[in-house]
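Novice: Let me give you the structure first, and then I'll get to my questions.
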Amino acid sequence: MANPKKDTKKRATQWVVCVFVLSFVLSMFMSWSSSVALASVGIAVASITVLLLVFLGILFDILGVAVTSAEMAPLVSMASRKVRGAKQALWMLQNADRVSSVCNDVVGDICGVVSGSAGATLAVRIVELTQGTTTFAVGIWVSAFIAALTVGGKAFGKRIAIKRSRDIILFAGCVAAFFNGKTQRR
């Protein structure tokens, strides 16, 4: 007979390894793609890239908070009525610890790190353009702006995530159902 404590420990270890590998691969991909994208672009495109990374981190933070604060009963009712996305939203709630971990820790933290390195590239572009400023001063201003935007955006987003958790989870479920439907039709 299997030992339930051993099985739980084994699943927990597998989850940690999975998160590590996912973080590593996703971080490499995002760092590489942002480095390639920012290698020869101007300040406007570099700024938009940084803002997109910050926004993506905020968006996933909102989803991570929403999944931990949503109530299951309304989604069970919606799933029984076959509301599009409710089944996927219910799955997210049933796996809230893992969904939250991926959204907040994996995607959110990686976006924070990559937006910081993209910000460094942006600072270099600004210094190249202005030629009279120091990299040190511009780097501090850019990193402070990115940090303030990220933290402020996440603080604002948490409020929304808690108040509108069901709607956010249902929307995420609809997105998942859309992509799930696309892959099943092939």
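Novice: Where does the charge balance sit around CYS18 when Lys and Arg score +1, Asp and Glu -1, over other residues with C-beta under 12 Å from its C-beta?
Specialist: Computed value for this residue: +2.
Novice: Further question: What is the packing order of peptides 138-145, 124-131, taking the mean over residues of other C-beta atoms within 10 Å and listing the highest first?
Specialist: 138-145, 124-131
Novice: I would also like to ask the following. Considering the options VAL83, PHE179, ILE162, tell which one lies farthest towards the positive end of the dipole of the chain, charges being +1 on Lys and Arg and -1 on Asp and Glu at the Cβ, about the Cα centre.
Specialist: The one lying farthest along the dipole's positive direction is VAL83.
Novice: Check the straight Cα-Cα distances from LYS163 and name the lysines below 26 Å, setting aside those fewer than 8 residues away within the same chain.
Specialist: Cross-link targets: LYS82, LYS87, LYS154.
Novice: Here's something else I'd like to know. Could you work out the local net charge near ALA89, counting Lys and Arg as +1, Asp and Glu as -1, over the other residues with Cβ closer than 12 Å to its Cβ?
Specialist: +1
Novice: Pick the calculated Cα extents along the principal axes in Å for this structure from [x] 74, 37, 35; [y] 68, 38, 37; [z] 62, 49, 24?
Specialist: Of the listed options [x] 74, 37, 35; [y] 68, 38, 37; [z] 62, 49, 24, [y] comes from this structure.
Novice: Follow-up question, since we're still on this one. If you place +1 on the Cβ of every Lys and Arg, -1 on the Cβ of every Asp and Glu, and leave all else neutral, what size is the dipole of the chain about its Cα centre, to the nearest 20 Debye?
Specialist: It comes to approximately 1020 debye.
Novice: From Cα pairs below 8 angstrom and at least 6 apart in sequence, can you work out the relative contact order of the range 33-186, rounded to a whole percent?
Specialist: Relative contact order for the range 33-186 comes out at 40 percent.
Values quoted throughout were computed directly from the atomic coordinates according to the rules given, and no laboratory measurement underlies them. Only a predicted model underlies this, so the values are computations on that prediction, with no experimental measurement involved. Counting neighbours? That spans all protein chains shown, and the Cβs are built from the backbone with ideal geometry, glycine included.
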